[in-house]
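**Student:** My questions will all concern the structure given below.
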Amino acid sequence: MSAARVARVLIDSPLPQLDRLFDYAVPPALAGEVSPGVRVKVPLRSAGRVVDAYVVEVDEEPDVGERPLSDIDAVVSPVPVLPESLYTLARRAADRAAGSAADILRLVIPKRMVRAEKAWLAAEPAEASVIPPDALGAAHATLGAFPGLQAALSEGGRLAVDAPPHPISTPVGDVGAWADLLAAAAVSTLATGRSAVLVVPDHRDQAQLERALASRVDGAAVVRDDARQSGPARYAGFLRMLASTPCIVVGNRSAVYAPVHRVGLVAVWDDGDPLLAEPLSPGVHARDAALIRQELDGCALLFAGHTRTTDVERLVQLGFVREIPAARRSSPRVVLSATQDAEGRGVRIPSSAFRAAREALAEGPVLVQVARPGYAPVLVCAECRRPARCRHCEGPLHAAGVGVVPECSWCARAARAWTCVHCGADKVRLASSGSERTAEELGRAFPGVRIVISDGRHTVEGVPATPALVIATRGAEPPADGGYRAVVLLDGERMLLSDDLRIGEAALRWWSNAAALAAPGAPVHLVGVTGAVARALATWSQAAYARGELAARAPLRMPPAVRVAAVEGDAPSVETAISTLRQAVPALDDDSVLGPAPRADGAVRALVRFDYRSGADVAESLRSSVVAAALRARRGRGRAPASAGTPPTLRVRVDLPDLDL
């Protein structure tokens, strides 16, 4: 009896019914090329074509002819781009989110670039970076500000740290103290012969972290992993991660899956930033992927931020994540500024904040944070004060300046000869001030002062230490050399009006990140906001605010006290999925399922609330329903054309941050 080589492959396809391993025979001609991790081409009988796949396992089975297997068609590349650890991580993350492993790998493994691959294969293996003793000593000193942090990192602990809220100077420029802290943790890990993965929300954070690393370690040891790179550069960086030489990976949300050798640290900065939530299926948040990776690899896991999310605070309260406080607590000088009675209700900047900005401009730049970009993001009828809407699509109107014809924010049509549908008036009123209008107003109040706008349309990477007024939207604040001499936080009341379960948590994060850009001792004025969120900023007690939010949500069964999954599709598919779920998970009670409720596109949507201990059973049941719905839809299309109405397939999204119907 002879033995045949069999390869188990994962097909690179978005179809949920193909999210499993398929067996293919390894032809003798490819016996020396087919190995675990390589890309191959395989025939797919159901589709009648050849598709891409990854070899996960290669085994030998008795050749008894009981099950004829198709042969692998070709080997795309000899490079094993899918290590076993990466497949296991992708599989676990996908199973937790009721999704497909191939969807996760599509985000992680770049497209093959032949020239970059040939150059990597021809090059000498990367040499281990030598960390200078003074750089290693400086890293240990930085970590020493948090007693027990260095020992916990070396032991592979799960840790939460509140980063120092101020900028510091390095030989290559100023960076946030948080970047210096993460760089120190990465360098300390690299010195032990292990790799570090540092995950940040956007390019601004990434640039600061790269500067902090540049002053401590050789640039060859730092690997970028982000979508802003060119295809060849990203693929070359990915191949560098596969090498046995340890390195430090710095990148955005998908970098959490980086297949580095002997990972010793995964650090996530500012996990409350929505940019770390993956919008593509299966939508695994970088924080959750990092928790799975820590469990699989036994590496250290570090959550750092100026604020504490309720998700991390829940883990701290459970004892699953350990909080390590700083030996010496530091905080910005926050002032809660309110409009005085004599100033009138129309005054946007109180006299105290205005005076602080004027005095600070004599020394350097001043940051003014606003809620929205543009000139007048919101227009209302001048007579009845109702929101001005587009006559074509009912979208909100906005103005790019005084005397400029309003435009629709949705369809971009010019609203010429506009009239109010409620009162018939033909004039609009500017109901809000965006970044451009604020810059115009402050330009008149501070003549001769340089005005800088930083928002989605105006990208500013940094500000020199010379006097300037920097008007920035939330999240777009550029760092300033030496820190801002004053920070004024406007539109706080408007930010808190958002219909969002986590708006208080989000606003506290926006304000805290802006306050951390201030120079030590510089005033930070929060204008017109009172209540628990304002007190948390003023006392710099963000973790306590997170604890209060978590305690308030638990009796209401709101996330993250419970997990929430959204099930969306045509009514029969959703009802079948919910019925199947109730049978598979008896722990679900009548209050666990909300809906189904109709959606604007004709589909229906149901929300499922479930405890963490039921997570695996819920995800497995929902995943099975997705596959069953896809198979039914495929059989239906085989008999008759698909309907032009609601989509026949079922869509599932697990771990929604809010109960948003």
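The values are calculated or read from the model by the stated rules, or taken from the named source; none is laboratory data. Small disclaimer: the values here were computed from a predicted structure and weren't measured. Cβ atoms come from the backbone with ideal geometry, glycine included; neighbour counts cover every protein chain shown.
**Student:** May I ask you to list the residues in the range 1-30 that are over 18 Å from Y87 (Cβ atoms), under 35 Å from the mean Cα position of the chain (by Cα) and among the aliphatic types (A, V, I, L, M)?
**Tutor:** L15
**Student:** Now for a separate question. Only one of these conditions is not met by V108: (1) under 30 Å from D297 (Cα atoms); (2) out of contact with any Phe, Trp or Tyr (no Cβ under 9 Å at 6 or more places or on another chain); (3) not acidic (D, E). Which number is it?
**Tutor:** So the condition that V108 fails would be (2).
**Student:** Can you find, within the range 200-221, the residue that is farthest from D271 (Cα to Cα) among those that are of a type in the set (D, E, K, R) and surrounded by 23 or more Cβ atoms within 10 Å (Cβ to Cβ)?
**Tutor:** Filtering first and then ranking leaves R216.
**Student:** Still on this structure, please answer the following. So in the range 442-486, with the set limited to residues that are crowded, with 18+ Cβ neighbours inside 10 Å and among the basic types (K, R), which one is nearest to A362 (Cα to Cα)?
**Tutor:** If we take residues in the range 442-486 being crowded, with 18+ Cβ neighbours inside 10 Å and among the basic types (K, R), then R485 is nearest to A362 (Cα to Cα).
**Student:** Select, from R287, R211, R240, the only residue that is of a type in the set (D, E, K, R) and closer than 24 Å to A506 by Cα.
**Tutor:** None of the other options fit; the residue is R287.
**Student:** Determine whether the range 311-330 contains at least one residue that is touching a strand residue (DSSP E or B) at 6+ places or on another chain (Cβ under 6 Å) and farther than 30 Å from G156 by Cβ.
**Tutor:** Kept after step one, since they are touching a strand residue (DSSP E or B) at 6+ places or on another chain (Cβ under 6 Å), are these residues of the range 311-330: 312, 316, 321-324.
Applying the additional criterion that residues be farther than 30 Å from G156 by Cβ yields none.
No, the range 311-330 has no match at all.
**Student:** Further question: Only one of P78, P83 is out of contact with any Leu (no Cβ under 6 Å at 6 or more places or on another chain), at pLDDT below 95 and either surrounded by fewer than 19 Cβ atoms within 10 Å (Cβ to Cβ) or acidic (D, E) (or both); which? Before the answer, list the steps.
**Tutor:** Details: P83 fails: at pLDDT below 95.
When all the criteria are applied, what remains is P78.
**Student:** Also, I was wondering about something else. For the range 203-239, which residues satisfy the criterion of being at pLDDT 90 or above and among the polar types (S, T, N, Q)?
**Tutor:** Passing the criteria: Q206, Q208, Q229, S230.
**Student:** State the number of residues belonging to the range 7-58 that are part of a strand (DSSP E or B) and at pLDDT below 90.
**Tutor:** 2
**Student:** What strands (runs of 3 or more DSSP E) lie completely within the range 372-490 and have 1 or more residues being of a type in the set (V, I, T) and out of contact with any Phe, Trp or Tyr (no Cβ under 8 Å at 6 or more places or on another chain)? Walk me through it before giving the result.
**Tutor:** Values: elements: 379-381, 428-430, 451-454, 468-473, 486-489.
The qualifying strands (runs of 3 or more DSSP E) are 379-381, 451-454, 468-473, 486-489.
**Student:** What is the number of the single condition among (1) more than 30 Å from E33 (Cα to Cα); (2) at pLDDT below 95 that A128 does not meet?
**Tutor:** (1)
**Student:** If I ask for residues that are within 32 Å of the chain's Cα centre (by Cα) and closer than 27 Å to R386 by Cβ, which ones from the range 432-454 would you list?
**Tutor:** Result: S432, S433, G434, S435, E436, R437, T438.
**Student:** For V6, state whether it is of a type in the set (A, V, I, L, M) and either closer than 30 Å to R240 by Cβ or in contact with a helix residue (DSSP H, G or I) (Cβ under 8 Å, 6 or more places away or on another chain) (or both).
**Tutor:** no
**Student:** For residues that are surrounded by fewer than 20 Cβ atoms within 10 Å (Cβ to Cβ) and touching a residue at least 24 places away in the same chain (Cβ under 8 Å), scanning just the range 571-581, find the one that is nearest to G319 (Cα to Cα).
**Tutor:** Taking the range 571-581 as the starting set, the residues that turn out to be surrounded by fewer than 20 Cβ atoms within 10 Å (Cβ to Cβ) are 571-572, 575-576, 579-580.
Applying the additional criterion that residues be touching a residue at least 24 places away in the same chain (Cβ under 8 Å) yields 571, 576, 580.
On the way: A571: 41, T576: 38, T580: 34 Å.
So, considering only residues that are surrounded by fewer than 20 Cβ atoms within 10 Å (Cβ to Cβ) and touching a residue at least 24 places away in the same chain (Cβ under 8 Å), the one nearest to G319 (Cα to Cα) is T580.
**Student:** Ok, one more. Residues of the range 1-44 being without any contact (Cβ under 8 Å) to a residue 24 or more places away in the chain and closer than 28 Å to R653 by Cα, which ones? Can you show your working first?
**Tutor:** In the first step, residues of the range 1-44 are kept if they are without any contact (Cβ under 8 Å) to a residue 24 or more places away in the chain; the result is 20, 28-29, 32.
Of everything in the range 1-44, just one residue is without any contact (Cβ under 8 Å) to a residue 24 or more places away in the chain and closer than 28 Å to R653 by Cα, namely R20.
**Student:** Pick out the one residue from V527, V585, V533 that is in contact with a Ser or Thr (Cβ under 6 Å, 6 or more places away or on another chain), buried (at least 18 other Cβ atoms within 10 Å of the Cβ) and either without any contact (Cβ under 8 Å) to a residue 24 or more places away in the chain or under 30 Å from S330 (Cα atoms) (or both).
**Tutor:** V527
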